[in-house]
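S.K.: Supplied in structure tokens, the structure appears directly below.
The values are calculated or read from the model by the stated rules, or taken from the named source; none is laboratory data. No experiment lies behind these values; they were computed from the predicted model shown. A quick note on method: Cβ atoms are made from the backbone with ideal geometry, for glycine too, and the neighbour counts reach across all protein chains shown. Keep in mind that these areas ignore ligands, DNA and RNA; they rest on the heavy atoms of the full protein, side chains included. Shrake-Rupley method; radii C 1.70, N 1.55, O 1.52, S 1.80 Å.
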Amino acid sequence: MQELALFGRDMDEVVDVMKTQVIMAPPLQLHSSPSMARSPLIDSAPKSPLTSHLMAPISSPMMKKAIASVHGYLEEVGHFTKLEPQDAWLPITESRKGNSYYSAFHTLCSGIGVQALVLPLAFTTLGWTWGIACLSLVFIWQLYTLWLLIQLHESESGTRYSRYLRLSIAAFGEKQGKWLALFPIMYLSGGTCATLVMIGGGTMKIFFEILCGDTYNVTRLTTVECYLIFACAAIILAQLPNLNSIAGISLIGAISAVSYCTLTWVVSIIKDRPAGVSYELLKENSDVATICSILNSLGIIAFAFRGHNLVLEIQGTMPSSAKNPSRVPMWRGVKFAYLIIAMCLFPLAIGGYWAYGNLIPGNEGMFDVLYKYHRRDTSKVLLGLTSLFVVINCLSSFQIYAMPVFDNLELKYTTKYNKPCPRWIRSGFRIFFGSVEFFISVALPFLRNLAALIGGVALPITLAYPCFIWIQIKKPTRYSAIWCLNWALGISGMVLSILVTIGAMWSLATVGIEFHFFNPR
């Protein structure tokens, strides 16, 4: 009965008992030394129930139960997960109260973007069969690499890799890991934010034009002024402290992305198709040009799926323990998010190509085509609402894509001064970053035309690196099924990245690009 009463005590008392035993003497020393075992002091000491429990051997049932209880308690509170103290000061890992809902919100907001609106353009070169086949293949491929990253977030030793760059360094080493991943990750953060300023500001101008109608000619806002309004709104929202705190903004961004994708393809298929719609494959002047057009189309499809550079950061906002690892709620949220993403992208690509065929210009997306062909026979409220959804989604996506940059800036400060970043310095970092992105969007407005070229360099982040990292860290059996699969997908991703980059360079060389500095249009 005394033993049962001891095990019925509060778990904290059991932990204290175990700590006391460790401090008194290691159990092996007490039972392996004959002199200690025959000590008159020990023999003559009064033996209380607690003392007899402490003197019990490790192999006894009582001690096994106590150790199992303490082990379970430590797992429950997450003591077996190694957390770096500096993580508590950084915006990505400052709050670890995330859940599967937050995961779904962030993944949807970062996974659907305006780049999805150009998916029908890929079908003009690939056609119906190859277009649908390639879209399905890339969707499954990137979903698999996403699963790999989620599984790699926590190592067997308990270390959590809450940044893509840290995981790359752990797999490939300090020098090679930075060389492979630093530029693509920084481009996907900084370059995407600059593009969002251009797209969001440009769509805001269209929204004002639709809203004001004929009076807009009197109070017309320039493109630079629209960029400035968008950048100021983005900087204000960026003052939220950490990744968990923008979950509500990500939810709004996800709803707006689903809304404008759905409205765009629904309005396109219910309206009369423009005259001259054709589904014949576009013919180029040479075989080389045809191959490059196909590669560009594959690049468009691959670029439609984004956000892999953020998945580890999103998972880093979740609590984790040996019994309840973060990969379980993370994967649950990602599965739901990508079900919604598939329900948006596939109808958008197929419906958009059915509605406009080869009439889709090479440098425009679905919303531009919708506005071009149906602005007179479609409600201004509907067009204005669609453009407003695009602006809201760009503002929301700016926050989550900028978070790794904010985290890196504060990492340098906390590393140098060994203390959390003060609020005024944190705000200064974010105002500085928003101002730089506004300057880039105004100074280099042609940057959007280089997206395919630079995106080809960043493509391994999504399709190749996760496969190689899995092999380096998990070390599967050579020539096993998963070993062969990851090698095949990793090499294919690198080859596709090189081919897409070559195709983009060829297109720029043949079609040309107009460099107009400080003159956004």
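S.K.: Restricting attention to the alpha-carbon atoms of segment 199-271, what are Rg (one decimal) and Dmax (integer), both in Å?
M.R.: Cα only, segment 199-271: 15.5, 45 Å (Rg, Dmax).
S.K.: Right, next: Roughly how many percent of the accessible protein surface of segment 292-376 is carbon and sulfur, given a 1.4 Å probe and a whole-percent answer?
M.R.: 60
S.K.: Also, I was wondering about something else. For segment 236-269, list residues with backbone N below 16 Å from a point placed 7 Å from the Cα of Lys372 toward its Cβ?
M.R.: 268
S.K.: Any idea what the alpha-carbon Rg over 2.2 N^0.38 Å comes to for segment 382-521?
M.R.: After normalising by residue count via 2.2 N^0.38 Å, the value is 1.44.
S.K.: Hey, another quick one. Could you list the trypsin sites (Lys or Arg not before Pro) in segment 316-403 that lie in coil according to DSSP, counting only those with at most 13 other Cβ atoms within 10 Å of their Cβ?
M.R.: The qualifying sites are Lys323, Arg375, Arg376.
S.K.: For a Förster distance of 56 Å, can you work out the FRET efficiency between the beta-carbons of Asn324 and Val381, rounded to the nearest 0.05?
M.R.: Here the calculated transfer efficiency is 0.75.
S.K.: So what are the radius of gyration and Dmax for the Cα set of segment 451-505, in Å?
M.R.: 12.6, 39
S.K.: Just to make sure I understand: if all protein chains stay in place, what is the order of Ile301, Ile440, Ile270, Ile210 by accessible area at 1.4 Å, largest first?
M.R.: The most accessible residue leads, giving Ile270, Ile440, Ile210, Ile301.
S.K.: Continuing with this model, one more query. Got a number for carbon plus sulfur as a percent of segment 136-176's accessible area, 1.4 Å probe?
M.R.: 63
S.K.: Please name which of Leu263, Tyr279, Tyr338 has its Cα lying farthest along the dipole of segment 245-346 towards the positive end, using unit charges on Cβ (Lys, Arg +1; Asp, Glu -1) and the Cα centre as origin.
M.R.: Working it through, the farthest residue towards the positive pole turns out to be Tyr338.
S.K.: What's the whole-number percent of alpha carbon pairs in segment 162-239 lying beyond 20 angstrom?
M.R.: I get 53 percent for the Cα pairs in segment 162-239 exceeding 20 Å.
S.K.: Output needed: percent of Cα pairs per 10 Å distance bin for segment 229-275, bins running from 0 to the one holding the longest distance.
M.R.: Cα pair-distance distribution for segment 229-275, in percent: 21, 33, 23, 16, 6, 0.
S.K.: What number comes out for the charge environment of Cys484, summing +1 per Lys or Arg and -1 per Asp or Glu over other residues with Cβ under 15 Å away?
M.R.: +3
S.K.: Given Lys205/Lys372; Lys412/Lys475; Lys205/Lys380, which pairs have Cα atoms separated by over 21 Å?
M.R.: Lys412/Lys475
S.K.: According to the square roots a ≥ b ≥ c of the eigenvalues of the Cα gyration tensor, what is the shape class of segment 271-383, taking rounded for a/c under 1.5, prolate for a/b larger than b/c otherwise, and oblate for the remainder?
M.R.: It is oblate, given that a/c is not under 1.5 and a/b is not larger than b/c.
S.K.: Give me the number: length gained by fully extending Asp287 to Lys416, i.e. 0.36 nm times residue separation minus the C-alpha to C-alpha distance, one decimal in nm.
M.R.: Full-extension gain reported as 40.8 nm.
S.K.: In nm, give the distance between the simple-model label positions of Tyr101 and Cys484, each being 7 Å from the Cα along the Cα-to-Cβ direction.
M.R.: 4.5
S.K.: Under the Kirkwood approximation applied to all pairs of distinct alpha-carbon atoms, what is the hydrodynamic radius of segment 321-394 in Å?
M.R.: So the Kirkwood estimate lands at 15.2 Å.
S.K.: A further question follows. Do any chymotrypsin sites (Phe, Trp or Tyr not before Pro) in segment 439-485 lie in a DSSP loop with no more than 16 other beta carbon atoms within 10 Å, and if so, which?
M.R.: Those that pass, being in a loop and sparsely packed, are Tyr479.
S.K.: Residues in segment 331-358 near a label at Arg273, defined as backbone nitrogen under 16 Å from the 7 Å Cα→Cβ point?
M.R.: What the label zone holds, given the 16 Å backbone N cut-off, is 348-358.
S.K.: Another question about this same structure. Taking N as the number of residues in segment 111-260, what value does Rg over Cα atoms divided by 2.2 N^0.38 Å take?
M.R.: Compactness ratio reported: 1.37.
S.K.: Over all distinct Cα pairs, what is the inverse of the mean 1/r for segment 108-183, reported as the Kirkwood hydrodynamic radius in Å?
M.R.: Here the Kirkwood hydrodynamic radius works out to 15.1 Å.
S.K.: Please work out the FRET efficiency for the pair Ser427 and Arg220, using the Cβ-Cβ distance as r and a Förster radius of 41 Å; give the result to the nearest 0.05.
M.R.: 0.80
S.K.: If we restrict to alpha carbons, what Rg and Dmax does segment 216-339 come to, in Å?
M.R.: In Å, with Rg to one decimal and Dmax whole: 21.6, 64.
S.K.: How big is the gap, in Å, between the Cα center of segment 323-365 and the Cα center of segment 156-175?
M.R.: 29
S.K.: Estimate the FRET efficiency between Ser136 and Val436 by the formula 1/(1 + (r/R0)^6), using the beta-carbon distance for r and 41 Å for R0, to the nearest 0.05.
M.R.: Computed FRET efficiency for Ser136 and Val436: 0.60.
S.K.: Also, quick follow-up: Test of understanding: what is the full-extension gain from Gln176 to Phe517, defined as 0.36 nm times their sequence separation minus their Cα-Cα distance?
M.R.: 119.3 nm
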